[in-house]
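The structure appears below as structure tokens.
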Amino acid sequence: MDKPLISHHLVDSDGSLAEAPSEVPKVGILGSGDFARSLATRLVGSGFSVVVGSRNPKRMAGLFPSAARVTLQEEAVGSPEVIFVAMFREHYSTLCGLSDQLAGKILVDVSNPTEREHLQHHQSNAEYLASLFPTCAVVKAFNVISAWTLQSGPRDGNRQVPICSDQPEAKRTVLEMVRAMGFTPVDMGSLASAQEVEAMPLRLFPGWKVPALLALGLFIFFYAYNFVRDVLEPYVQEGKNKFYKLPVFVVNTTLPCVAYVLLSLVYLPGVLAAALQLRRGTKYQRFPDWLDHWLQHRKQIGLLSFFCAPLHALYSLCLPLRRSHRYDLVNLAVKQVLTNKSHLWNEEEVWRMEIYLSLGVLALGMLSLLAVTSLPSIANSLNWREFSFVQSTLGFVALVLSTLHTLTYGWTRAFEESRYKFFLPPTFTLTLLVPCVIILAKGLFLLPCISRRLTKIRRGWEKDGFVRFTLPVDHALAQKTSHV
Amino acid sequence: MDKPLISHHLVDSDGSLAEAPSEVPKVGILGSGDFARSLATRLVGSGFSVVVGSRNPKRMAGLFPSAARVTLQEEAVGSPEVIFVAMFREHYSTLCGLSDQLAGKILVDVSNPTEREHLQHHQSNAEYLASLFPTCAVVKAFNVISAWTLQSGPRDGNRQVPICSDQPEAKRTVLEMVRAMGFTPVDMGSLASAQEVEAMPLRLFPGWKVPALLALGLFIFFYAYNFVRDVLEPYVQEGKNKFYKLPVFVVNTTLPCVAYVLLSLVYLPGVLAAALQLRRGTKYQRFPDWLDHWLQHRKQIGLLSFFCAPLHALYSLCLPLRRSHRYDLVNLAVKQVLTNKSHLWNEEEVWRMEIYLSLGVLALGMLSLLAVTSLPSIANSLNWREFSFVQSTLGFVALVLSTLHTLTYGWTRAFEESRYKFFLPPTFTLTLLVPCVIILAKGLFLLPCISRRLTKIRRGWEKDGFVRFTLPVDHALAQKTSHV
Amino acid sequence: MDKPLISHHLVDSDGSLAEAPSEVPKVGILGSGDFARSLATRLVGSGFSVVVGSRNPKRMAGLFPSAARVTLQEEAVGSPEVIFVAMFREHYSTLCGLSDQLAGKILVDVSNPTEREHLQHHQSNAEYLASLFPTCAVVKAFNVISAWTLQSGPRDGNRQVPICSDQPEAKRTVLEMVRAMGFTPVDMGSLASAQEVEAMPLRLFPGWKVPALLALGLFIFFYAYNFVRDVLEPYVQEGKNKFYKLPVFVVNTTLPCVAYVLLSLVYLPGVLAAALQLRRGTKYQRFPDWLDHWLQHRKQIGLLSFFCAPLHALYSLCLPLRRSHRYDLVNLAVKQVLTNKSHLWNEEEVWRMEIYLSLGVLALGMLSLLAVTSLPSIANSLNWREFSFVQSTLGFVALVLSTLHTLTYGWTRAFEESRYKFFLPPTFTLTLLVPCVIILAKGLFLLPCISRRLTKIRRGWEKDGFVRFTLPVDHALAQKTSHV
């Protein structure tokens, strides 16, 4: 499961290579770091004849695959047409002595700047290399592939390798090498794109930043709110020490709020988009930027919601494991005996909890289905209708179940004065706001008159009466508003 | 994780394109809907020169990528050899005025009928287009790709695009375009297949229908059965109000029955197939259709079983959270005090529950492994032996663990008269039937005489003594009967 | 989700096939087993003209796709250039009569030896076939693909098919056929590799053997240890029968030990590797073999840890479901009443449990993130920095959370004499050893002097003052030591 199916001899003969199977193409590598070594291993495995140029070939020879020839830099660059430069940017200039020998050859820049370097230099490594060797064709490639992936091979055969260069012929040659090595080349255009290509491996979950901050903000807000209501108020008003509730109880009343609000924020932008289209009477106007970004981050928001929901379930299930729970139970029993009450039963409370728990389990089950179909390998195996059914229909069912779960939790508490501690309404009432608006709006959109108008708009109809010729199923917009 | 690695300039130069890198191939698009726009974006990004034909080019120009030229339809179709028709079927006829200009060109039909349209017309959109433009080479393609996927790029490089056409040369050209755009083209033959190709995006989990209905039916049956035994009987016989048990308790006695029966139905067809082969004395006879279908839906049945099993676990874990549980405990304690019994302990009951719980957890753990290896990305990384080990061996272990879990739950209850409420046997006894048959049959198949015969049959031996020459490991049949 | 998108007509015209689209290439198949049939189905679907050679063509014809011609062996091998041999090794020799007709043709050996055969013959099936037909070009291919996959098509288009042969031209032809059938060919070199290729489908989780044995060993050790402390000691010392604790309680004190120790063993080799590099003052020396293996099996060890952790959570949550728990609670209440103690509360115990539970849930949540990002389809969508952030940073946070979870569980118990049953220290103290060393070492490595030196070493610096020219980010080694 973990070991690559094929570790050696990976050759994918194609195009240029195959034309002359008898003559093995030669490739040079300058550098002897880990990446250089992995590169050599893979190139040898892909049927290339590899020459490595090093300043200290004797010492380095042992670290390279035996099929690769390790020699002095001057010798290494002699015959190959393509030379990989697997060195630090700061050492590029040391190659200037080889300028004459390198003239007319293809130099492949595989380097990755660190974050600091990337911000510091206004010129990408590849462009810098090109400026040093104006007679060479510089191609940027392989920087997104780790030495580890190079060595073990692309297990699933579709690792993308972005490539850019100002010389089309050189780019073509490297494209074919990438393919021969089992990766999927992606042409990124001219060498000016090298800046962008070099930034790729430096990304750290760019799409998650805002949703994660949002979730964190919601958590802090609701935690503070619950702390005031559940811990501070009893302490101030009645002098009761409930601080032991901080690690489990307060967290457990906070998590469902975060999960529930996040889930509703997945469906809100779709409602807003539909409302906007209805008001504008056309879909041929771009949404405002904030709405567009929101629409594009729904997956992340939804997954964060799904991260909080099972945590809430786990915390809830931990409640009977607490000592405080045990003590409370025993004390209740003792109190019952002492007050001579032989039978304890509150039918309404019993029903409330049974329904509340059942709805919670069902909502979590539904959310799990949504989360599973968000896995890339599953999402890819669904057609658009199936994906939209799961994400939009089942997702809305999950939202409704969560709302019912919240409502049964609240029961009549929203109307009891004793629940308004420090005049703060119960937490659950706060979280119900957005979801109820969404459910109402969805109901409205189902009214025949509105539903028909919306469908027409999405098929290209416009208020001004001009019917545009568009594709029957407007995938993109339908996708964008599929959660309405 | 969500953002495509590469969003712009995706060019995968190949074959025809690469031959003349200096001359960018021209492509026309008729239509200005979302799909047309996404198509333009991707074509521009893949290195094509795009001309869009619109009735209102000025207004539409802003919505298309700046590199695409948006002009009048008449102008747009002039020079490109390939023209994408991204319009509604009902507007195809408006193009008839362009007939002369389109003559001899390749028209790519990318349209998707809605379900109603698909049922209504006996001619596919592509065939209809071909009938309108007999001098053009019509190719059906890209309809399975959503505008969203087009725009964001095939993240994993292996989205399949089925293609069909009656003109091999036109098909070849579009095939290469598909490849250049980063998708995997799949030749579906002549244009007559367009009907099938257009039906693809309309599919809604076809393989799940029967298994889901089966699970639903089992749920309803067992829920009703448990309702009668656990709620109705106490009410009718003793006047006890146990209706509060409906949302959690009854659901929780129903879910394991469904999960357990579904799991056994995963392994039953394998046993039947083996029995059939033993009786026939050959594997060279097709199984009856119902058995074949059953064998092919085992994955879905298994996953539905796995959906119910953790729900059962969750419901069970919720039991101590119920108010009714708390009241029962306190009332029991009070009763103990009042009846002056100081120590409560029933060693047999203690052991029953401990073993029952432990087996349940283990069975669930085993099922989780099965579910995880059903994920496409994991299943693909296993060789056939590993996959069969997990699905067949571990799956059978899970079935045995579930059976033991059920047996310890039942303990001696099957033999107590008081358990036969309304003369209905306890639910667990009903569910044990099929699994026990399977476990027995599997035991029988392990007997040397039967096992040897079965192995021989699967290697191609036949009762009539004629040995056929077949492949050592008969994958397909082994697969079909791997759960035996 | 399960049905392949495209089941028929899969043709991926490419290279040689496309050159003469009018003339369909002919392929022969010898054999009529399941694999032969699936092969025929897929070849027909990929646009080949298939002739099947059988000893009993009349009877077999019904089992093959109608487009395939089933005839006598002698006739079948006449015209096709490529002939698949889909037969058992023991029947290869029966083909010798066809020797003359087969001369100069390409024979594709698709056979899979059973494990016994593979060990028994020192010559691979393909080499044996080549020795029987010295005038043919024997190519080994398709053996890793099951008949099932052949028939249903490569759903995700990247199933790898290793190929080897001594004749480059024959290999090239088969490579192109593999591609045309929708698989990814992988050149494994000469026919001598057939031995290795034939061993591939026989692998059974080779990378999991050692980690699984390790986990099993740890489980047995800790189970025995806990049995002695929790069950045997009370029985021997006080005559108390606690054997009912075996199925749940003892398992539940054992599982977290296994999970925790395994998790620490994921991070230990990284620390050792860093320490080794610091001591050696260079990274240009290979790690000892045991360390290298350890580093490569961290993923499996981590996943086994993650398998035990939720099992531990499940067992813990099952605790209040036990009868023994109910009896204990009731008895405690009765005792309270009888001893006239009206209020039971131990603030320290309450806090201990609340913190302990909360940390446990958080640690499990963190581990889930790690497990999810280990899924191939997710891991592939992360760049190296993201992957390392999750696996190294979040993983270390999970280790710290687990350590705090363990410490709060222990609280002051490590220092209470009564806890040293049979002079054995409490179990949790044993498990804390390795993790604490790791956390300390990680803290040390953060000291500026050490951190700077380590960074320099990983950028290629050496103690002897010689600076090597290497790639800025040393992926491979960073990967290997990313858990430091």
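So here's what we get for this one:
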read-out: Modelled FRET efficiency - R0 60 Å, C:ASP328 with C:GLU115, Cβ distances, 0.05 increments; value: 0.70
read-out: Reciprocal mean inverse distance between Cα atoms of segment C:208-459 - Kirkwood radius, Å; value: 20.5 Å
read-out: Kirkwood Rh (inverse of mean 1/r, distinct Cα pairs), the protein assembly as shown, angstrom; value: 35.3 Å
read-out: Position B:ALA61, label points 7 Å along Cα→Cβ, spacing to each other copy in nm (shortest first, one decimal); value: 6.7, 6.7
read-out: Cα-based shape type of segment A:224-341, given that a ≥ b ≥ c are square roots of the gyration tensor eigenvalues and the cut on a/c is 1.5; value: prolate
read-out: About the Cα centre, charge dipole magnitude for chain A (Lys/Arg +1, Asp/Glu -1 at Cβ), debye; value: 1600 debye
read-out: Debye equation applied to the C-alpha atoms of chain C, log10 I(q)/I(0) at 0.13 Å⁻¹; value: -1.13
read-out: Segment B:208-459 - percent relative contact order, Cα under 8 Å, separation 6 or more; value: 26 percent
read-out: Within straight-line cross-link reach of A:LYS299, lysines at Cα separation under 25 Å, skipping those fewer than 8 residues along the same chain; value: A:LYS209, A:LYS283, A:LYS442, A:LYS480, B:LYS3
read-out: Total formal charge among the other residues, if their Cβ is under 15 angstrom from that of A:THR135, Lys/Arg +1 and Asp/Glu -1; value: -3
read-out: Chain A, relative contact order [Cα under 8 Å, separation at least 6], %; value: 12 percent
read-out: Rounded to 5, percent antiparallel among DSSP beta bridges of segment A:26-202; value: 5 percent
read-out: Nearest-first distances (nm) between copies at C:GLN285, label 7 Å from Cα via Cβ; value: 7.2, 7.2
read-out: Segment B:26-202, relative contact order in percent, only Cα pairs under 8 angstrom and at least six apart counted; value: 19 percent
read-out: Per-residue ³J(HN,Hα) for segment A:225-230, Karplus 6.51 cos²θ - 1.76 cosθ + 1.60, θ = phi - 60°, Hz, x for Gly and Pro; value: 4, 5, 4, 4, 6, 8
read-out: For segment B:26-202, Kirkwood radius (reciprocal of mean inverse C-alpha pair distance, Å); value: 15.9 Å
read-out: Other copies of C:SER79: label-to-label distances in nm, shortest first, labels 7 Å along the beta-carbon direction; value: 4.6, 4.6
read-out: Cβ-based exposure ranking for A:MET181, B:MET177, in which fewest neighbours within 10 Å come first; value: A:MET181, B:MET177
read-out: DSSP-assigned coil residues among chymotrypsin sites (Phe, Trp or Tyr not before Pro) in segment B:385-460, each with at most 15 further Cβ atoms within 10 Å; value: B:TYR420, B:PHE422, B:PHE423
read-out: Residue-wise HN-Hα coupling along segment C:165-179, computed from phi with Karplus coefficients 6.51, -1.76, 1.60 (Hz; x: Gly, Pro); value: 5, 8, 9, x, 5, 4, 4, 4, 4, 5, 3, 5, 5, 4, 5
read-out: Chain C, helix-only ellipticity at 222 nm - DSSP H runs n ≥ 4, -39,500 (n - 2.57), divided by all residues, nearest 500; value: -16000 deg cm²/dmol
read-out: Ranked list, fewest to most other Cβ atoms within 10 Å of each Cβ, for B:ASP328, B:ASP34, C:ASP166; value: B:ASP328, C:ASP166, B:ASP34
read-out: In segment C:349-457, GluC sites (Glu not before Pro) in a DSSP loop with at most 10 other beta-carbon atoms within 10 Å; value: C:GLU416
read-out: Ranking of C:GLU127, C:GLU75, A:GLU74 by count of other Cβ atoms within 10 Å, fewest first; value: A:GLU74, C:GLU75, C:GLU127
read-out: Phi to ³J(HN,Hα) by Karplus 6.51 cos²θ - 1.76 cosθ + 1.60 over segment A:105-116, Hz, x for Gly, Pro; value: 8, 9, 9, 9, 8, 9, 6, 10, x, 6, 4, 5
read-out: Charge tally in the Cβ shell below 14 Å around A:ARG116, where Lys, Arg are +1 and Asp, Glu are -1, A:ARG116 excluded; value: -1
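Coordinate-derived values only; no laboratory data. Here the structure is a predicted model, which means the values were calculated and not measured. Glycine gets a Cβ as well: all are built from the backbone with ideal geometry, and neighbour counts include every protein chain shown.
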